[in-house]
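Down below is the structure, laid out as structure tokens.
The values are calculated or read from the model by the stated rules, or taken from the named source; none is laboratory data. Worth saying up front: this structure is predicted, and the values here are computed from it rather than measured. Note: ideal-geometry Cβ built from the backbone for every residue, glycine included; neighbour counts use all protein chains shown. Ligands, DNA and RNA are excluded from the accessible area calculation, which covers all protein heavy atoms including side chains. Shrake-Rupley method; radii C 1.70, N 1.55, O 1.52, S 1.80 Å.
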Amino acid sequence: GNGVTRFSYGENDEKAREFIAKAAEFKGFSVRTDSIGNMYISPAESDKTRKRIRIGSHVDTVRNGGWLDGIYGVVSGLEALRTLAEYKSDRVSEVEVVIFAEEEGSNFGSTMTGSKFAAGIYGEEALDRLKGDDGNSLREMLMKCGYPPYRKEKVMWDFSDVKAMLELHIEQGPVLEREGKSIGIVDSIFGMTTVEVTIGGVGNHAGATPMRYRQDALTTAALCISEAERIAKADPEGILVATVGKVAVSPNCSNVIPEKVVFTVEVRDKQEGKIKGAIKEIEEVIAKISEQRGTACGIQVLAESKPFRMDERMIQLINKSAAEAGISHQIMDSGAVHDICVIAPHIPSGMIFVPSIGGRSHVPFEDTDPDDLVRGAQLLLDTVLNI
């Protein structure tokens, strides 16, 4: 009933990785992990002269998340690799399974951290810049976990050696179920910007301070949050979304006027210009409300990713494979961001969705029909064979 909580670099993450590594090594595959925590599984005797086809996703979750998000793509990739090996396919020497670290951003508020290091978006400076709620940096976390010192050449991909990238994932939304389709082929992935807002008020006794004299950080934040929702709802296309999913109140006591509130605002859309415009409008209205109510405010960008359209050849290849298999499918957008949108600007990439029951995800009730899970994994293998 509590779902799955498996943060990168935590105890449950380590257990999952150990289980996957043992399953891979049992089949004779080699396993390596870089200094950021990205994990790679490949045949022990890979053909170094051939470009790699990488299949990947993540195993970390949000707090009290679902059992399929991320890890479904990892175990399906491993199963595809095992099947190629068992049938002695020539293609097996090209395939490598990737597990990206810290995709959800649950530790540091920055999504797709492992893939951003792999793509060179993040470098050594990010090791100290990214910090958790406890104040500890990513570098300190990695050192605590026993990872080797960061070396860019060991983490960043040489994209000239990679032929293609594929990611299989649950949809995390209601579209496929409502359309009665078993497979979604991703066309475009939304971009995202996450900002952290800090409102500073004046803490005081809840009973002894008249309402007209208060500088309440929480009521100020509440008005700001409401305005962020209003701005998103005003999008004439009905596509842009804004979410406040994390709020911290200090001192968080029933009889003390809140002195400080920190919250995040996450804006997503398929057009970068609309994301920037909404963030600018939200920042301006937060500053205005804070000034009117006599509180201080500070805003900093935590994470950004640009909207991206997937490779047309890969879309058509997956579409052809699904049609030949007789699977009901459709081409669709992804409102959720994924590791592949960081990798896709560099190499031909494709993404496959399977339906989420009730459109639910990031919650304990996350689930997918077993037949659809099998269809997705089989289509992943078929696509690998057809690249």
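Just a few scattered comments:
- Segment 155-301: C-alpha gyration tensor shape, a/c 1.5 cut-off, then a/b vs b/c: prolate
- Acute angle (nearest 10 degrees) that the helix 312-324 long axis makes with the longest principal axis of the chain, alpha-carbon atoms: 60 degrees
- Whether segment 1-127 is rounded, prolate or oblate, judged on the alpha carbon gyration tensor where a/c under 1.5 counts as rounded: oblate
- Theoretical ellipticity at 222 nm over the chain - DSSP helices of four or more residues, -39500 (n - 2.57) apiece, nearest 500: -10500 deg cm²/dmol
- For the chain, the longest principal axis of the Cα atoms and the long axis of helix 272-292 meet at an angle of about 20 degrees.
- Based on protein heavy atoms only, the chain ends up with 46 Å² per residue of surface accessible to a 1.4 Å probe.
- Rounded to the nearest 10 degrees, the inclination of helix 217-233 to the longest alpha-carbon principal axis of the chain is 50 degrees.
- Portion, in percent, of the accessible area of segment 37-148 that falls on carbon or sulfur, probe 1.4 Å: 49 percent
- Remark: for residue pairs Lys48/Lys88; Lys15/Lys144; Lys48/Lys116; Lys163/Lys320, the C-alpha separation exceeds 22 Å in Lys48/Lys116.
- GNM flexibility winner over the chain from Cys297, Cys253, Cys341 (Cα, springs under 10 Å): Cys253
- For segment 137-214: rounded, prolate or oblate by the Cα gyration tensor [a/c cutoff 1.5]: oblate
- Radius 13 Å from Cβ of Ala232, net charge of other residues (Lys, Arg +1; Asp, Glu -1): -3
- Distance from the Cα centroid of segment 296-327 to that of segment 80-100 is 24 Å (rounded to whole angstrom).
- For a straight C-alpha distance cut-off of 19 angstrom, the aspartates and glutamates reachable from Lys280 (same-chain residues fewer than eight places away being disregarded) are Glu196, Glu227, Glu229, Asp235, Glu237, Glu266, Asp269, Glu272, Glu291, Glu304.
- Cα centroid of segment 350-368 to Cα centroid of segment 218-243, whole Å: 25 Å
- For segment 217-296, carbon and sulfur atoms together expose 52% of the accessible surface, with a 1.4 angstrom probe and every protein chain in place.
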